[in-house]
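Encoded as structure tokens, the structure appears first; notes follow it.
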Amino acid sequence: MSRAIGQHMKAIREQRQILDDWTAYEYDLNSFFQTETPKASIMAGTTGSFSLDVSLDYYLLLYHQQLDFAEARLKTAASKGGVVDITDTPMGHDLRCVSNATIDTPKADKLRIRANLVRLDFYERFGRLPETYIYKLTIPHIAAPKPDAPIADLALAIQVPRYEPVVLASFSDQADAMLYRLAIS
């Protein structure tokens, strides 16, 4: 497993521990969500007459699902070959700009475009086209609960995480991954 994958897996484990720490505030937060229903539903993204029954379990489940998805994507990237973390590179920023799939542009087109951008970048640098796979994911970063914070601040902290974008290029050939890693660093 590459160092980049290991770092992101460690971040996911840390986030799972933070989510476990939030269970100590379950009663207080659920009481807040029940008494502050209009405010809580606005924070949860619902408006109008539609009421969402929010609770701490809802948010914990949502974030655990997001972490499961990110972990699965990391494992898939690692299984395809040599992995290069290109999140903080200009190419990584360009790949994040490729729009999400719609009816007019299926998901396969989006994935193909991302892979082709990296292949062409590799071609410009080394004169050949490797087999590449691109994985874009986000890892939610939930703030740790602060025992002395007011309950409204705790509710806002669990409802509004920071998301870390991750863009990984996976090369079938380990040597290609090493060359690309050296070229972009």
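The values are calculated or read from the model by the stated rules, or taken from the named source; none is laboratory data. Every value quoted in this text rests on a predicted model; they were computed, and no experiment measured them. No Cβ is skipped: glycine too gets one built from the backbone with ideal geometry, and neighbour counts run over all protein chains shown. Just the protein is used for accessible areas: all its heavy atoms, side chains included, with ligands, DNA and RNA removed. Shrake-Rupley method; radii C 1.70, N 1.55, O 1.52, S 1.80 Å.
A few remarks follow.
- Count of residues meeting criterion [outside any helix (DSSP H, G or I) and without any contact (Cβ under 8 Å) to a residue 24 or more places away in the chain] in the stretch 164-185: 1
- Of the criteria (1) under 24 Å from H8 (Cα atoms); (2) surrounded by fewer than 17 Cβ atoms within 10 Å (Cβ to Cβ); (3) of a type outside the set (A, V, I, L, M), which one R114 fails: (2)
- In the stretch 122-142, the residues that are open to solvent by 80 Å² or more (accessible area, probe 1.4 Å) and either within 16 Å of I184 (Cα to Cα) or touching an Asp or Glu at 6+ places or on another chain (Cβ under 6 Å) (or both): Y123, E124, R125
- For the stretch 144-163, the set of residues classified as touching a residue at least 60 places away in the same chain (Cβ under 8 Å) and either open to solvent by 50 Å² or more (accessible area, probe 1.4 Å) or not in a loop (DSSP other than H, G, I, E, B) (or both) consists of A144, I151, A152, L154, A155, L156, I158, Q159, V160, listed by residue number.
- Wholly within the stretch 1-117, helices (runs of 4 or more DSSP H) carrying at least 2 residues that are at pLDDT 90 or above: 3-22, 26-35, 56-80, 90-97
- Check on L168, more than 19 Å from A24 (Cα to Cα) and open to solvent by 60 Å² or more (accessible area, probe 1.4 Å): no
- Any hit, the stretch 135-148, residues being within 23 Å of A11 (Cβ to Cβ) and at pLDDT below 90: no
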